[in-house]
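See below for the structure under consideration.
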Amino acid sequence: MNTRKGTTERGNTKEANMFAVLKTGGKQYKVQSGDVLKVEKLAADAGEKVQFNEVLMLGGDKPVLGAPLVDGAAVQAEVVDQIKGDKLIHFVKRRRKHGSQRTKGHRQQLTLLRITDILEKGAEKSGVKAAIGAGSVAGVAVAAAEKPAKKAEKKAEKKADAPKKAKAAAGGDDLKQLSGVGPALEKKLHEAGVTTFAQIAAWTEADVADMDEKLSFKGRIEREGWIEQAKEMTKG
């Protein structure tokens, strides 16, 4: 059986006898619990646990060879990160009268995993989601299904925040009285939770730097003298 070597990194802990040969992304990997390996990109986020159900062999005291898969066996792993592989250079040259040549670079999308468990049986009852390739039909379907849900979630958050922002703006000061502040800039300040002159008058250097970066004011707060103006407004 042609398994891929050199793709795993073992820790300093004592290795167990139990190992498995799994298949993913058209390749085979021999793994043990604790191994870290790179596989073709999976449709999963860092920190998620996934399960490989295509186990070709289990090794140990009593080796089991699949036909082609080992019934009920699985390998579970935690997604460490989504990474890119080394850059591969692809050179194409056409030998014709008006031939051409072209060099292209490509970095493979990979998923870094840590093997956590090797199950000899009971894979169908584990409750861990199956490892699906990001480029597979199933992976694309999962990603497509998640997008509307995320959009709906963001829309609901904005809708929930809208009354709070409107209420804060309604009970605040007219920030357009500050130098250089128009309706658009006032709206930005409201969205950042700034609705009164008293808030601006109490800003520290750290607050100014934070607001400058958050709203891309590029030094406008100090340049226009908003804090001094806000202090005068509060006195009145």
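Values for this structure:
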{"quantity": "Helices (runs of 4 or more DSSP H) contained in segment 186-236 and holding at least 3 residues touching a helix residue (DSSP H, G or I) at 6+ places or on another chain (Cβ under 7 Å)", "calculated": "197-201, 205-214, 226-235"}
{"quantity": "Subset of segment 56-83 (residues that are in contact (Cβ under 8 Å) with a residue 40 or more places away in the chain, in a strand (DSSP E or B) and within 21 Å of F19 (Cβ to Cβ))", "calculated": "L56, M57, L58, G59, V64, A74, V75, Q76, A77, V80"}
{"quantity": "D86 vs. criteria under 37 Å from the mean Cα position of the chain (by Cα) and part of a strand (DSSP E or B)", "calculated": "yes"}
{"quantity": "Within segment 97-126, considering residues that are of a type in the set (S, T, Y) and not in a strand (DSSP E or B), the one farthest from D86 (Cα to Cα)", "calculated": "S126"}
{"quantity": "Flag for A168 being modelled with pLDDT under 75, surrounded by 10 or more Cβ atoms within 10 Å (Cβ to Cβ) and of a type in the set (A, V, I, L, M, F, W, C)", "calculated": "yes"}
{"quantity": "Answer from L65, L88 - the residue that is surrounded by 10 or more Cβ atoms within 10 Å (Cβ to Cβ), touching a His at 6+ places or on another chain (Cβ under 7 Å) and assigned by TED's automatic domain parsing to the domain that holds V36", "calculated": "L88"}
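The values are calculated or read from the model by the stated rules, or taken from the named source; none is laboratory data. Here the structure is a predicted model, which means the values were calculated and not measured. When we count neighbours, we look across all protein chains shown, and the Cβ atoms used for this are built from the backbone with ideal geometry, even at glycine.
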